Structures are given as C-alpha cells and as structure tokens.
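The values are calculated or read from the model by the stated rules, or taken from the named source; none is laboratory data. Everything numeric in this text was worked out from a predicted model, so none of it was measured. A quick note on method: Cβ atoms are made from the backbone with ideal geometry, for glycine too, and the neighbour counts reach across all protein chains shown. Heavy atoms of the whole protein, side chains included, go into the accessibility calculation; ligands, DNA and RNA do not. Shrake-Rupley method; radii C 1.70, N 1.55, O 1.52, S 1.80 Å.
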Amino acid sequence: MVQRTVTIYTDDLTGTEGEDIATHAFSVDGVHYEIDLGPDNYQKLLDVLGPFMGAGRKVNGGGARRTAKRAQSGGTDAAKVREWAQSQGIEVNSRGRIPADLMEKYQAAH
C-alpha cells in the first residue's frame, strides 16, 4: 500500500491555491499572528504596514518585553515600603507583591 500526502498552499485572504504561497508572521499589541499569502497579497500587507514599520523600532527576538517599575496600589513605592518594613524588624521578601496588611501598616505610619 502506498500513501501519498499532498500539501495545498492556500492564500488566507483570497483562497487562491499556489506553490508561491508563504507563511508570514507579524505582531500587534503583543499578539503574534501568522498568515499565508501569495506574493500580491504579501505586497499589499507590506504596503499597508510599511509606513508604520518605517517609523517604528525593531525589537530583536520578536518577544522582547519592556518592563517598567510599577508602584504598588495607591502609588506607594515598593522599595520604600520594603526599606521601612526592614527598619521596623518586619520580614519582607525582596521581590514580588507586598502583602496588603504590610501596605496598610506602612500607609498608617506615613
């Protein structure tokens, strides 16, 4: 018995089949997309995204994330809360979320 697997490449926009269909990846707001397009539709995609890609910044690795230090609820600086807690002899982790009861104690003291 012989089995034969046939792969049919189809443009996701038009449904057109062809050997020149290729998969293209792009991301918007941290959501990654893949789309299979023929050369004409791929050019349309580039034409639409071109001005944005030209004005944007390349991020190597595709999944690089920017992180910013965020203050705990109420705008309180987590580093200051930890420093205060340690000066009061209260044990606190050097990373992660600060427990709500500790935040309340800090805010009551200040």
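A few points about this structure:
- Solvent-accessible surface of the chain, taken per residue with a 1.4 Å probe and all protein chains present: 87 Å².
- Zone residues, the range 46-61, relative to V28, backbone N less than 12 Å from point 7 Å out along Cα-to-Cβ: 48-49
- Translational diffusion of the chain, estimated by Stokes-Einstein from the Kirkwood radius over alpha carbon pairs at 37 °C in a medium of 0.692 mPa s, is 169 µm² per second.
- Value of relative contact order over the chain, rounded to a whole percent, pairs C-alpha under 8 Å and six or more apart: 13
- A straight chain from T5 to E91 at 0.36 nm per residue would run longer than the Cα-Cα distance by 24.6 nm.
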